[in-house]
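A short write-up of the structure that comes next.
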Amino acid sequence: MSTSPSSAEGVSRRPMRRELLEGPIALTLLRKCLPVVGGMIAMMSFNLVDTWFIARLGAVPLAAVSFTFPVVFAVISLAIGLGIGTSAVVARRLGQGDIETVRRRATDAALLALVVGVLLSLLGLATLEPLFRLLGADAALMPHIRNYMGIWYLGAAAVIVPRVLNSVLRAQGNTLIPGLMMALAALLNGLLDWLLIFGVGPFPALGVQGAALATLLSWSAMTAALFGQRELRDCLDLRRLTLGGLVGSWRELSRIALPAAITSVFTPLALALITRIVAGHGHHAVAGYGVGTRIEAIAQIAVLALSMTLPPLVSQNVGAGQHERVRRAIFGCFVFVLAWQLGVWLLLQLLAPWLVAGYTAGEATAAVLRDFLWWVPLGLGAQGVVILAVSSFNALHEPSRAMRLSVIRLFLLTVPLAWLGGAIGDTQGIFIGLFLANVLVGLVAWRTLHRRLDAMRAEEVELRGGSVNSL
């Protein structure tokens, strides 16, 4: 086998490792985050663009597609979990200079993503109606849900595989190509939405089916384009594929990917329960809440980008014993997201009249969205602390702690307080409950991570003391 790809990768990795270990923390994270932010804004625009077009079809189609968001988010969250495990394993092997194992793990991770995608397609199609009836969809919404998810489920593999491929690139320090690919896919999705939802020229007017088909085609095009990247092809090798090697790779990947995937799926599961609570207040409540959750996703873009770029810095510096640098990075990010999300909340209050007018049909739906935009984004700073704490625990190779923190946030606080708020104060009470839950769990996350880093530093001091004494 030619050694030139290995040599090229080794050369390209060295500056990245020095930067993460020695570069200014804020500047390093900023440089890594910017391409991720651009790509994530583009990808999150998938749902916003779909919602904008579907809102033109009426309140019932909009409510129906809003019901699909928890399920769509569940699949994406599973893909994120697989990506977290892939990035962690590949990055560690790259740091060790074990290029052959890098190829093996990257290839087997892509195959795992493909298998999971196919299985999810089969499972989703088989359980489509029972699942959405369980979530609270009534007979008026089910035809639209069938039309949308019947097509969307067919592209589950196209949702999962490119996220895993992007994680391989990010593990090598390349955040530009994934960001660019996501941006191009989003542009294609917007164009296809316009052509396929309403019918333009020779294209038929497919309604909500057109929105799902546009998403499927855009993700598929992105996957094909990623396979065309030389840097990624150099990391994939099917020639030495064996069953034993595949099982070994999947076992190593699963040590981090499985807990991370389960933790990621907790969020849409809780979102589904909250959607069920909101559904008890009528179609207008579901429609307003559905629009609000899509705006919320965009409002968290900086936090989500940091949750993807902070972990490599944490992992490498813990390995180098630079615990004070880890502490400064994590808690510096906490302070930043609290200030940033307060600014986002203020911006949303300025934009609220335009957002309400553009994304709602009818005063009842508009009133729900106005309440959502006031209360829920107000707690996103505290929620950002939790998200970064979870990603930091994964970077510290402690996914069980991340999982426990997510359980506390979602199932001990968020869902119960949303239910209680809805019982006391209609949909506004639900949103106040969500705000209070974020604030409370943010305090828990800050304290938990602070104590864990203190313990790690004490363990390091004790270990060094023991080493000195042994001399």
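Summary of values
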read-out: Pair list, Cβ < 6 Å and 6+ apart or interchain, from segment 216-236 residues that are over 18 Å from A156 (Cβ atoms) to residues that are surrounded by fewer than 18 Cβ atoms within 10 Å (Cβ to Cβ); value: D234/P5
read-out: Which numbered condition Q322 fails, given (1) open to solvent by 20 Å² or more (accessible area, probe 1.4 Å); (2) farther than 30 Å from E22 by Cα; value: (2)
read-out: Sole residue being surrounded by 24 or more Cβ atoms within 10 Å (Cβ to Cβ) and at pLDDT below 80, chosen from V102, V36, V65, V11; value: V102
read-out: Contacts under 7 angstrom Cβ, first residue in segment 346-372 being among the hydroxyl-bearing types (S, T, Y) and modelled with pLDDT of 90 or more, partner assigned to a helix (DSSP H, G or I) and surrounded by 12 or more Cβ atoms within 10 Å (Cβ to Cβ), 6 or more apart; value: none
read-out: G150 vs. criteria part of a helix (DSSP H, G or I), closer than 25 Å to L273 by Cα and not charged (D, E, K, R); value: yes
read-out: Subset of segment 151-183 that is among the small types (G, A, S) and closer than 11 Å to I76 by Cα - its residue that is least open to solvent (accessible area, probe 1.4 Å); value: A156
read-out: Helices (runs of 4 or more DSSP H) completely within segment 355-409 that count 1 or more residues being open to solvent by 10 Å² or more (accessible area, probe 1.4 Å) and more than 30 Å from G85 (Cβ to Cβ); value: 363-375
read-out: Pairs where the first residue, in segment 410-425, is under 16 Å from T267 (Cβ atoms) and the second is modelled with pLDDT under 95 and open to solvent by 70 Å² or more (accessible area, probe 1.4 Å), C-beta under 9 Å, 6+ apart; value: L410/L269; L410/L273; F411/L269; F411/L273; T414/L273; V415/L273; A418/L273
read-out: Subset tally (residues that are under 25 Å from the mean Cα position of the chain (by Cα), of a type outside the set (V, I, T), open to solvent by 20 Å² or more (accessible area, probe 1.4 Å) and farther than 17 Å from A63 by Cα) for segment 119-144; value: 5
read-out: Index of the failed condition, A261 passing every other in (1) among the aliphatic types (A, V, I, L, M); (2) under 28 Å from A55 (Cβ atoms); (3) touching a Leu at 6+ places or on another chain (Cβ under 6 Å); value: (2)
read-out: 2 or more residues small (G, A, S) and open to solvent by less than 60 Å² (accessible area, probe 1.4 Å): qualifying helices (runs of 4 or more DSSP H) within segment 208-285; value: 208-227, 243-279
read-out: All positions within segment 54-94 that are touching a His at 6+ places or on another chain (Cβ under 8 Å) and farther than 27 Å from A113 by Cβ; value: A59, V60, P61, A63, A64
read-out: Among (1) in contact with a His (Cβ under 7 Å, 6 or more places away or on another chain); (2) open to solvent by 20 Å² or more (accessible area, probe 1.4 Å); (3) of a type in the set (A, V, I, L, M, F, W, C), the one test that V335 misses; value: (1)
read-out: Failed item, numbered, when P204 is tested on (1) part of a loop (DSSP other than H, G, I, E, B); (2) over 22 Å from F73 (Cα atoms); (3) in contact with a helix residue (DSSP H, G or I) (Cβ under 6 Å, 6 or more places away or on another chain); value: (3)
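The values are calculated or read from the model by the stated rules, or taken from the named source; none is laboratory data. In this text, all values refer to a predicted model and were calculated from it rather than measured experimentally. Cβ coordinates were reconstructed from backbone atoms using ideal geometry, including for glycine residues, and neighbour counts include every protein chain displayed. Surface accessibility is based on the protein's heavy atoms, side chains included, excluding ligands, DNA and RNA. Shrake-Rupley method; radii C 1.70, N 1.55, O 1.52, S 1.80 Å.
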